[in-house]
1. Once both labels are modelled 7 Å past Cα along the beta-carbon direction, what's the GLU418-LEU511 spacing in nm?
2. Go ahead and estimate [θ] at 222 nm for the chain from helices alone: -39,500 (n - 2.57) per DSSP H run with n ≥ 4, summed, over the residue count, rounded to 500.
3. How charged is the neighbourhood of PHE584? Take every other residue with its Cβ under 15 Å from the Cβ of PHE584, and add Lys/Arg as +1 and Asp/Glu as -1.
4. Place a +1 charge on the Cβ of each Lys and Arg in the chain and a -1 charge on the Cβ of each Asp and Glu, then give the dipole magnitude about the Cα centre in debye, rounded to the nearest 20.
5. If each of ASN278 and ASP65 carries a label point 7 Å out from its Cα toward its Cβ, how far apart are those two points in nm?
6. Return one number: the angle in degrees, 0 to 90 and rounded to the nearest 10, between the long axis of the Cα atoms of helix 35-57 and the longest principal axis of the Cα atoms of the chain.
7. Would you work out which of MET564, ALA283, ALA505 lies farthest towards the positive end of the dipole of the chain? Charges go on Cβ: Lys and Arg +1, Asp and Glu -1.
8. Under a 5 Å amide H to amide H cut-off, with H placed in plane at 1.01 Å, what residues pair with TYR255 once short-range neighbours are removed?
Amino acid sequence: MSKKTNPKTEVHEYQAEMQKLLEILVHSLYTEREIFLRELVSNASDAMSKVQLTTLTEGNVLDKDAELQIKITFDENKHKLEIEDSGCGMTKEELVSNLGTIANSGTLKFLQQAQAENKSAENLIGQFGVGFYSVFMVAERVELTTRSWEVDSQAWEWTSSGGGQYEITPAVYNQRGTRVTIFLKEDAKEFCSKWKLESVIKKYSNYLPFPVKVNEETVNQVKAIWTQSKSEVKDDQYIDFFKQISHSTEEPLHYMHFSIDAPIQYYALLYFPESVGNEVVYARESKDIALYAQKVLIQSGNTDLLPSYLRFVQGVVDSEDLPLNVSRESVQKNVLIEKIKGSLSLRVLKELEFLSEQNVEKYEKFWKQYGILLKEGISSDFKNKNRLMDLLRFNSSLSKDDSPDVSLRNYLERMREEQKEIFYVTGASRESILHNPNLEYFKNKGIEVLYLTDQIDDFMVTDMREYDGKTLKNISQGDIDGISDNDISAPETSLSKEEQSDILAFFKSQLKDRVSEVSESKRLVDSPCSLVTPKDGMTVQMEKMMKMMDKKFEGEKRNLEVNMGHPIIQNLSEILQKDKKHPFLKDSIEQLYENSLLIEGLLENPVQVLSRFQSFMESASAYELEKIS
């Protein structure tokens, strides 16, 4: 006798909202139809977790000693797929409640909006308890047979073709649990393949606490090591797992394994890779954290669990507080994710603090690879800004080589008592900075200067402003107030005040509006002159960056500081006093100005200095020849 003529068969109409949901699922196009298997396996796992608890709290439980497992079988000829579990099963009332309605009245509106925006199934499935219905993306018809854990319970069969109704009929099912039989659509025959089923299970359900078997062979054989105690996991297991998730042959630089119970429960196993490519360094977000809910994969590349500047971190986060049916769309709106993000970020930063203090060698390796990303965090993570500043490392004028071995705390400990500011200078490299004339005074006085060589440093310092009450000061800026006035004095010179005034005025008349002003220098020792940035002006590195983005960008005028004690300046002053129209004066000033531009990397056409330089060599060689004649 068919089900339609069976007098015990009950025909139920879906709610209008439910019918619209099924219509969307059945007739819309999706890119991730395999999600249905994740949902059904997750439901089965959830049912077995419930019966585990029931067994502990109830005296009589049907099939109390039954093995907890999920069995998947398929028949290629009949295009049939079965998923069977030994979980808690359902009563008739639970069938109607769970499979006849949608848990949330706002579901339809959400689904219609998602459909209009052409979002994939992964954005739809799992919302508001509709995960089971994802099966109709692949099913012509579904038969679900179930029996509750209660000893005297009746078995029931639920049947639907995803249309406007479903049927419930008493059934014979001699065991506890649920069996879902799926009659696949013609275009979904790929799911009658052992390889396909295994690949989907390994992708989403590899770490379930119960065995998942395909044709009697257990597929999910990998333990979820992140839920184990650290004492139970060996180093080589951590390393093997990293290689598995990163698809790398390298060992990680460092890993951290921990669990949190409050304010939200989660497990985390995170890795700092030995190295990463530019695709990570120049990415916009973190996407190498796999998010699990109760060992079920929710997202293989979550972008919300860590801030962007920690995007080098790889690993797994698993929370039992997240619902099993959470999806990508709901993850973005889930307040629990925000709580995990705050907690996770803090743990990573604390781990880096520990490394920086207890394993200096490893932290130096870390900094060379990822320091630029932490600098990025200074501008984006105000809450952890002070922690990040403590993690910064710099090369400095006291470093023996180009190693980034100086922290801001180190700098403060070495500061002079009267020093008011933390001095730094920007440049393309340590080598180029060492030729910066503005560094001469500080080297002469033994005052430490931090060397900043990354393009991001100008932005970072602007956002830092100060550290522990000490302002950061670029030594290439015009105003230096960081040490006592008695310690800042102009180099000794034989020129009178009037002669100094004359030569400065001549410089200004020759250079005109190419400089904002010309003044006596208090910082130069070995160089005749240098360009400095006006107070609050744009640094050289920033100007170069702006010119890279906009070729028409002209930059701003700089101040020219002149060393009155330098022999070249004193000689030029003497020529000026004797012959104000001597051509050597103008050529020399042009050469000195262009030399300063060249040192700063601002001379747009270095070739232009050659002809003048050759003229100077010609005059000098003639003079030397005359002396020896």
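Here, each number is a calculation from the coordinates, and none is a lab measurement. All figures in this text were calculated on a predicted structure; none of them were measured in a lab. Ideal geometry is used to build each Cβ from the backbone, glycine not excepted, and the neighbour counts take in all protein chains shown.
1. 2.9 nm
2. Here the helix-only value at 222 nm equals -12000 deg cm²/dmol.
3. 0
4. Here the chain has a charge dipole of around 940 debye.
5. Label-label distance for ASN278 and ASP65, simple model: 6.6 nm.
6. 70 degrees
7. ALA283
8. Under 5 Å from the amide H of TYR255: PHE272.
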